[in-house]
Amino acid sequence: MHNQPSRRTAAPRPRSPWKAAATLLATLAVAVAPPAHASLFSGDTLDAVANGAAWVVLFIAPLAAIGIFLIIHILPEKIAEKKQHPQLDAIKTLCLLSLVFGGMLWPLAWLWAYTKPVAHKLAYGTDKAPLKEEGGALHLLDDANTLEKKES
């Protein structure tokens with residue numbers, strides 16, 4: 001025969017008075033609670049709010065996001081122009097290429113704008129480029145017109 005240990009059955013515990021009170025309170029709260037509403041608005045007001053939210057989400061937010069993206073994207077150009085970086089035109093080009101490649105080159109342009117051009121200083125004796133009277137950050141058409149005038 002197999003000797004199995006005998007299982008003891010636990011004696012039933014008396015219910016706590018706190019548990020009974022909590023159950024009664026929860027039942028009372030569910031019975032008295034008002035019906036829930038999904039929105040603060042109803043009827044025509046709800047339609048107007050939904051239309052306004054749709055306009056914001058579909059048109060205004062994407063335009064604002066594109067504008068903010070472009071403003072952030074030209075920061076390396078503005079920094080390089082302010083610091084009179086001798087490689088400003090190359091930084092401009094990298095910023096434009098970064099737009100084509102989805103912003104992946106932007107951190108590189110940003111770092112380049114903050115670097116000190118040591119090789120340029122060794123070659124030319126200065127690490128600053130002279131300020132141009134015409135052109136600047138994001139004046140590509142003006143720069144192209146000036147280049148055409150110089151060539152002819």
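Please treat every number below as a calculation from the coordinates, not as lab data. Model, not experiment: these values are computed from the prediction. Glycine gets a Cβ as well: all are built from the backbone with ideal geometry, and neighbour counts include every protein chain shown.
Structural remarks
- Taking max minus min of the alpha-carbon positions on each principal axis, the stretch 40-121 gives extents of 71, 23, 16 Å, largest first.
- Tensor-based shape of the stretch 79-128 (alpha-carbon gyration tensor, a/c under 1.5 rounded, otherwise prolate or oblate): prolate
- Taking amide H atoms as placed 1.01 Å from N in the peptide plane, the amide H of Ala129 lies under 5 Å from those of His85, each 5 or more residues away in sequence or on another chain.
- Proxy reagent accessibility, fewest Cβ within 10 Å first, across Val49, Val57: Val57, Val49
- Here the Karplus curve 6.51 cos²θ - 1.76 cosθ + 1.60, taken at θ = phi - 60°, turns the phi angles of the stretch 85-100 into couplings of 5, x, 10, 4, 5, 5, 5, 4, 5, 5, 5, 5, 5, 5, 4, 5 Hz, with x standing for Gly and Pro.
- The phi-based Karplus calculation (6.51 cos²θ - 1.76 cosθ + 1.60; θ = phi - 60°) puts the 3J(HN,Hα) values of the stretch 42-48 at 8, x, 5, 5, 5, 5, 5 Hz, whole numbers, x for Gly and Pro.
- For Phe59, Phe41, the sequence from fewest to most other C-beta atoms within 10 Å is Phe59, Phe41.
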